[in-house]
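No lab work stands behind these numbers, since they all come straight from the coordinates. Worth saying up front: this structure is predicted, and the values here are computed from it rather than measured. Here the Cβ positions follow ideal geometry from the backbone for every residue, glycine too, while neighbour counts run over all protein chains shown.
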Amino acid sequence: MPRARTPLAKAILTGADRKNPQRYRGRSGPVLSGRSIGRAPTYLSGAARTAWREFAAELPWLVHEDRPIVELACELRGRLADSGGEVTAAMLGAYRSALISLGATPIDRARVAIGADDNGDDPFATFDRA
């Protein structure tokens, strides 16, 4: 089975587009609004709404288009908070998967670039030459 193509946005964040520019020439990614995720939907439970505010504070790179996966992660975090110790392995696995999708794990967070400073004053630029 062939490997899936790396999405353009991920290639830009990880630098793969600079390493192999020929692979990404002519590709376009989805156009994002750049708007924040906003307020939690009214149908979320109290614990899930709290989780929404926490995710919004913890993951500032989330945008309006991320709302569906944020809703799922909030439901899971809310259930974990309200579970009283009754947590299944499936719940934990689903929560971990949602966190990975949001870029909320240490490894995935390292792949997210926010507000990169492109003023040309990069003291490490001399080390990046390949």
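How high is the relative contact order of the stretch 45-113, in percent, counting Cα pairs under 8 Å that sit 6 or more residues apart?
36 percent
Which order results if SER28, SER101, SER36 are arranged by neighbouring Cβ count within 10 Å, fewest first?
In order of increasing Cβ crowding within 10 Å: SER28, SER36, SER101.
Quick one: Karplus J couplings for the stretch 40-48, per residue in order, coefficients 6.51, -1.76, 1.60, θ = phi - 60°, nearest Hz, x for Gly and Pro?
Rounded to whole hertz, the list is 5, x, 5, 7, 6, 5, x, 5, 5.
For a Förster distance of 22 Å, can you work out the FRET efficiency between the beta-carbons of ALA57 and ALA16, rounded to the nearest 0.05?
0.15
Quote the FRET efficiency, to the nearest 0.05, computed for VAL31 versus ASP108 with a Förster distance R0 of 30 Å and r equal to the Cβ-Cβ distance.
0.85
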